[in-house]
Amino acid sequence: MRLTRSFRDQYVQHEMRTHGRKNGFVTKGQEQRLRRWLPEIGLKPDVPLADCGFDMHAPVVMEIGFGNGDFLTELARRHPQWQLLGVEIYLPGVAKCVGRLEDAGVIERCRISQQPAQLVLERQIDEGQLDGVYINHPDPWPKKKHHKRRLIQKDFAALLCSRIKSGGFLRLASDKPDLAIWMRDILDQTPGLQNAGGPDGFVPRETDRIYTKFEQRGLRQGRESQFLHYQRL
């Protein structure tokens with residue numbers, strides 16, 4: 001079933017123009033889970049991260065664009081000491097993520113925002129509040145005229161860096177070489193970030209990293225992912 005109009009009006013963000021998918025299909029069970037959990041774990045646009053119920057003395061790690069939530073759920077499983085903030089504007093993806101988090105028994109350590117990442121970082125997260133950030137396979141926007149829509153831009157990189165505490169990390173992945181180089185070149189020039197990669201700036205794939213549905217699809221189509229790892233100075 002397609003998301004109901006009343007549900008979209010309640011949860012779809014309208015403040016900032018975004019590109020890409022926003023609506024889609026969910027099952028009745030998924031919508032019920034959304035209604036059950038989003039009032040509890042949804043990070044409302046006017047609520048600072050410090051007021052969302054997290055223990056701000058424990059690690060807080062963010063994933064921007066979590067898709068269907070498989071990577072976010074695995075992070076919560078493997079790192080029981082972490083509190084996770086996931087950002088995703090695609091509601092059917094949020095619905096799948098909520099189900100995965102609930103089934104894994106880790107949902108209460110997670111918060112979900114359906115606001116654009118830029119707004120979340122600007123308005124709800126203070127400087128140095130995040131222990132780490134993951135960005136996996138952001139939209140490549142391959143046409144040159146659309147490159148301005150890519151997530152990693154100079155100003156966004158500086159904003160992102162400011163929200164990561166000293167010693168924290170930023171990890172990225174892409175199976176599009178052009179985008180991987182684009183992100184590397186911008187982040188390498190961002191003050192406060194140190195590239196932990198080799199001569200080409202990339203790091204090997206982590207041995208215990210899960211293969212997400214998206215990454216598996218890329219491999220079937222002959223695309224291997226490249227990985228970036230930065231440390232906040």
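The values are calculated or read from the model by the stated rules, or taken from the named source; none is laboratory data. Quick caveat, the model's predicted, so the values are computed rather than measured. Reconstructed Cβ throughout: ideal geometry from the backbone, glycine too, with neighbour counts over all protein chains shown.
Pairs are defined by a Cβ separation below 8 Å, a sequence spacing of at least 6 or placement on different chains, a first member in region 169-195 that is of a type in the set (F, W, Y), and a second member that is surrounded by fewer than 21 Cβ atoms within 10 Å (Cβ to Cβ) and in a helix (DSSP H, G or I); the pairs so defined are W182/H147.
Only one of the numbered conditions (1) touching a Gly at 6+ places or on another chain (Cβ under 7 Å); (2) in a strand (DSSP E or B) is not met by F214, and that is (2).
Can E122 be described as over 21 Å from Q30 (Cα atoms), more than 14 Å from the chain's Cα centre (by Cα) and assigned to a helix (DSSP H, G or I)? Answer is yes for this residue.
For region 131-153, state whether one or more residues are more than 26 Å from K213 (Cβ to Cβ), in contact (Cβ under 8 Å) with a residue 12 or more places away in the chain and surrounded by 20 or more Cβ atoms within 10 Å (Cβ to Cβ). Scanning region 131-153 turns up no residue that is more than 26 Å from K213 (Cβ to Cβ), in contact (Cβ under 8 Å) with a residue 12 or more places away in the chain and surrounded by 20 or more Cβ atoms within 10 Å (Cβ to Cβ).
Reported count of residues in region 37-96, each being surrounded by 17 or more Cβ atoms within 10 Å (Cβ to Cβ), out of contact with any strand residue (DSSP E or B) (no Cβ under 8 Å at 6 or more places or on another chain) and assigned to a helix (DSSP H, G or I), is 8.
If you go through region 134-191 and pick out every residue that is part of a loop (DSSP other than H, G, I, E, B), more than 17 Å from the chain's Cα centre (by Cα) and under 25 Å from L75 (Cα atoms), you end up with 1.
Being farther than 28 Å from L119 by Cα and not in a helix (DSSP H, G or I): is that true of P199 here? Show your work before the answer.
Working: farther than 28 Å from L119 by Cα: yes; not in a helix (DSSP H, G or I): yes.
So P199 passes the test.
The one condition from (1) modelled with pLDDT of 95 or more; (2) within 23 Å of V47 (Cβ to Cβ) that Q114 does not meet is (1).
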